[in-house]
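*Asks:* Handing you this structure, nothing more for now.
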Amino acid sequence: MILRPPADRHRSTPSRHFAVVGAGIAGVACARTLIQAGHRVTVFEREATAGGRMASVSTPFGRFDSGAQYFTVRDPRFTQAIETAPGVCKPWSANLVRVLDAHGRVAEAALPGLEQHWVAQPGMDALVAQWAAPLGDSLVTRTNVTRIEPDALDATRWQLRTTGDDDSQHVYSGFDAVLLAVPPARTRELLDGGRLSRTISKKVEPVRIAPCWTLMIAFPQANQPTMSHLGPQWNVARSTHHRIAWLARESSKPGRDRIERWTVQASPTWSQEHLRDDRPRVEAKLLRAFAEITGIRAEPSHSQARCWPEAQTQVPVGEEHLWDAKARIGVAGDWCLGHRVEDAFLSGLTLALKVI
Ligand SMILES: Cc1cc2nc3c(=O)[nH]c(=O)nc-3n(C[C@H](O)[C@H](O)[C@H](O)COP(=O)(O)OP(=O)(O)OC[C@H]3O[C@@H](n4cnc5c(N)ncnc54)[C@H](O)[C@@H]3O)c2cc1C
């Protein structure tokens, strides 16, 4: 089926129709900025909701942030954007983060005065969800973009081939430009090995991004009247254990359920080595390492592992975004600048400002 915008009325005005692929914070920041500037935007998202790696999962024991744990705010443009979502973002005392040695002993206590850490509530997905809400029907979810090609009826424009999560296939056409806000492996695929933009492909080629296995575990037994929580007195720690890089007591974040819950992130090296392992095996190994570090040996009532094949940038592009004016293709994402939520936001924002 070919889905065409209702009319070409934007053609004679400066207003253009943009396809944005990916509704993580970069794609949503980009789309909102374009709409505010009077352009027409269609955002395609593979998953059921916006948010991308700012993800939360609901369980019978409360929510877990399965991706980004918190964000920091350094750029005034991000500060300004955060202020548009009052009540959603709350400071979190993660700046009391400890550094642990390989045996789980505190090797370095947190220094006071570290920069503020923020979380969205009730889960990290809430910020992008709030920003995506005004997109309405312009956000097309459960729709995986599989190919970008010249519009069959107008070679000066682009069309996108998509597959829905029910395997239905569509072609969306009539786009003046395509802006990709997806992780690098998908970007490379959609750029079709440089066929769509050699300039952009050359800059994307050296980018490296590490995977991350994440374990989410709940201990509701710890909330008995006689016990407020299990294990260590700290809530957040970086670890030098060879398996685990980060541990956070989810229940210590603002706006969360009090049931004792931990999110544990494996180190990039261990995640890479175990990328193809099956879930139960990874769960068991991470649980053992968690027990070694925290001393919590109780059996969790809930345990769930998730693998992010592309989690944290190791080698970024080194530019805010990429834009090929001749091809009318752009690229945004945290990995253009770095590895943080704020990098993703700034990348999406500056790409939109560039094409405007
Ligand atoms: C485990 C983990 C922990 C992290 N911890 C932190 C942290 O503590 N602090 C911090 O600042 N950052 C952290 N990050 C990084 C942070 O999550 C990212 O920087 C940020 O969310 C990236 O946003 P983005 O919009 O660039 O990409 P993404 O959030 O990855 O968004 C891309 C979107 O594109 C969609 N998509 C992909 N392919 C297609 C396609 N073909 N068609 C349609 N849609 C598609 C995806 O479903 C996704 O929604 C962490 C990331 C992970 C995974």
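*Asks:* If a residue has to be touching a Lys or Arg at 6+ places or on another chain (Cβ under 9 Å) and at positive phi to count, how many in the range 128-177 make the cut?
*Replies:* Total satisfying the criteria: 2.
*Asks:* Follow-up. For the range 301-325, which residues satisfy the criterion of being among the hydrophobic types (A, V, I, L, M, F, W, C) and either touching a residue at least 24 places away in the same chain (Cβ under 8 Å) or near the ligand (Cβ under 10 Å from one of its atoms) (or both)? Outline the logic, then answer.
*Replies:* Taking the range 301-325 as the starting set, the residues that turn out to be among the hydrophobic types (A, V, I, L, M, F, W, C) are 305, 307-308, 311, 315, 317, 322-323, 325.
Passing the criteria: Ala305, Cys307, Trp308, Ala311, Val315, Val317, Leu322, Trp323.
*Asks:* So, in the range 229-287, how many residues would count as being touching a residue at least 24 places away in the same chain (Cβ under 8 Å) and part of a loop (DSSP other than H, G, I, E, B)?
*Replies:* Adding up the residues that qualify gives 21.
*Asks:* Which of the numbered conditions does Ser173 fail, given that it passes all the others? Conditions: (1) in contact (Cβ under 8 Å) with a residue 12 or more places away in the chain; (2) within 12 Å of the ligand (Cβ to nearest atom).
*Replies:* It is condition (2) that Ser173 fails.
*Asks:* Let me ask something else about it. Can you find a residue in the range 88-104 that is among the β-branched types (Val, Ile, Thr), modelled with pLDDT of 95 or more, part of a loop (DSSP other than H, G, I, E, B) and under 26 Å from Arg306 (Cβ atoms)?
*Replies:* Taking the range 88-104 as the starting set, the residues that turn out to be among the β-branched types (Val, Ile, Thr) are 88, 97, 99.
If we keep only those that are modelled with pLDDT of 95 or more as well, we get 88.
Narrowing the set further to residues that are part of a loop (DSSP other than H, G, I, E, B) leaves 88.
If we keep only those that are under 26 Å from Arg306 (Cβ atoms) as well, we get 88.
Yes - at least one qualifying residue is present in the range 88-104.
*Asks:* Considering the range 150-170 alone, what residues qualify as being within 14 Å of the ligand (Cβ to nearest atom) and farther than 17 Å from Arg40 by Cα?
*Replies:* First pass over the range 150-170, keeping only residues within 14 Å of the ligand (Cβ to nearest atom): 160-165, 169-170.
Listed by number, the residues that qualify are Arg161, Thr162, Thr163, Gly164, Asp165, Gln169, His170.
*Asks:* In the range 21-52, which residues are part of a loop (DSSP other than H, G, I, E, B), in contact with a strand residue (DSSP E or B) (Cβ under 8 Å, 6 or more places away or on another chain) and near the ligand (Cβ under 9 Å from one of its atoms)?
*Replies:* If we filter the range 21-52 for residues that are part of a loop (DSSP other than H, G, I, E, B), which is where we start, we get 22-24, 37-39, 45-52.
Keeping just the survivors that are in contact with a strand residue (DSSP E or B) (Cβ under 8 Å, 6 or more places away or on another chain) gives 22-23, 39, 45-46, 50.
Correct list: Gly22, Ala23, Glu45, Arg46, Ala50.
*Asks:* Return only the number of the condition from (1) exposed (fewer than 15 other Cβ atoms within 10 Å of the Cβ); (2) within 22 Å of Arg238 (Cβ to Cβ); (3) hydroxyl-bearing (Ser, Thr, Tyr) that Ser56 does not satisfy.
*Replies:* Unmet condition: (1).
*Asks:* While we're on this one: So if I check each of Arg243, Arg258, which one is of a type outside the set (A, V, I, L, M), over 21 Å from the mean Cα position of the chain (by Cα) and either closer than 16 Å to Val106 by Cα or surrounded by 19 or more Cβ atoms within 10 Å (Cβ to Cβ) (or both)? Talk me through it step by step, then tell me what you get.
*Replies:* Numbers: Arg258 fails: either closer than 16 Å to Val106 by Cα or surrounded by 19 or more Cβ atoms within 10 Å (Cβ to Cβ) (or both).
Exactly one of Arg243, Arg258 is of a type outside the set (A, V, I, L, M), over 21 Å from the mean Cα position of the chain (by Cα) and either closer than 16 Å to Val106 by Cα or surrounded by 19 or more Cβ atoms within 10 Å (Cβ to Cβ) (or both), namely Arg243.
*Asks:* Answer yes or no as to whether Arg328 is without any contact (Cβ under 8 Å) to a residue 24 or more places away in the chain and either under 30 Å from Ser201 (Cα atoms) or assigned by TED's automatic domain parsing to the domain that holds Asp151 (or both). Even if it seems obvious, please write down each step before you answer.
*Replies:* Values: without any contact (Cβ under 8 Å) to a residue 24 or more places away in the chain: no; either under 30 Å from Ser201 (Cα atoms) or assigned by TED's automatic domain parsing to the domain that holds Asp151 (or both): yes.
Criteria not met by Arg328.
*Asks:* Does the range 53-88 hold any residues that are within 14 Å of the ligand (Cβ to nearest atom), in contact with a helix residue (DSSP H, G or I) (Cβ under 7 Å, 6 or more places away or on another chain) and closer than 12 Å to Phe345 by Cβ, and which are they?
*Replies:* Met54, Ala68, Phe71, Thr72, Val73, Arg74, Asp75, Phe78, Ala81
*Asks:* Quick one: is Trp335 within 10 Å of the ligand (Cβ to nearest atom), modelled with pLDDT of 95 or more and assigned by TED's automatic domain parsing to the domain that holds Leu100? Write out each step before concluding.
*Replies:* Numbers: within 10 Å of the ligand (Cβ to nearest atom): yes; modelled with pLDDT of 95 or more: yes; assigned by TED's automatic domain parsing to the domain that holds Leu100: no.
Considered against the rule, which asks whether it is within 10 Å of the ligand (Cβ to nearest atom), modelled with pLDDT of 95 or more and assigned by TED's automatic domain parsing to the domain that holds Leu100, Trp335 comes out as no.
*Asks:* Counting only residues that are more than 25 Å from Thr163 (Cα to Cα) and of a type in the set (Ser, Thr, Tyr), which one in the range 12-50 is surrounded by the most Cβ atoms within 10 Å (Cβ to Cβ)?
*Replies:* The residue in question is Thr33.
*Asks:* If you go through the range 154-169 one residue at a time, how many are under 11 Å from Asn144 (Cβ atoms), modelled with pLDDT of 95 or more and surrounded by 12 or more Cβ atoms within 10 Å (Cβ to Cβ)?
*Replies:* Of the residues in the range 154-169, 5 are under 11 Å from Asn144 (Cβ atoms), modelled with pLDDT of 95 or more and surrounded by 12 or more Cβ atoms within 10 Å (Cβ to Cβ).
*Asks:* Which residues, taken from the range 338-356, are outside any loop (DSSP other than H, G, I, E, B) and near the ligand (Cβ under 7 Å from one of its atoms)? Give the steps one after another, and end with the answer.
*Replies:* Pass one, the range 338-356, residues outside any loop (DSSP other than H, G, I, E, B): 341-355.
Val341, Glu342, Asp343, Ala344, Ser347, Gly348, listed by residue number.
*Asks:* Just to verify a result, which residue in the range 182-210, among those that are assigned to a loop (DSSP other than H, G, I, E, B) and among the small types (Gly, Ala, Ser), is nearest to Ser347 (Cα to Cα)? Let's see the steps before the verdict.
*Replies:* First, the residues of the range 182-210 that are assigned to a loop (DSSP other than H, G, I, E, B): 182-183, 191-197, 205-207.
Next, only the ones that are among the small types (Gly, Ala, Ser) stay: 193-194, 197.
Working: Gly193: 22, Gly194: 21, Ser197: 19 Å.
Among those that are assigned to a loop (DSSP other than H, G, I, E, B) and among the small types (Gly, Ala, Ser), it is Ser197.
*Asks:* If Val317 satisfies all but one of (1) surrounded by fewer than 21 Cβ atoms within 10 Å (Cβ to Cβ); (2) in a loop (DSSP other than H, G, I, E, B), what's the number of the condition it fails?
*Replies:* Answer for Val317: the failing condition is (1).
The values are calculated or read from the model by the stated rules, or taken from the named source; none is laboratory data. Fair warning: this is a prediction, and the values are worked out from it, not measured in the lab. Quick reminder, even Gly has a Cβ in these numbers, built from the backbone with ideal geometry, and neighbours come from all protein chains shown.
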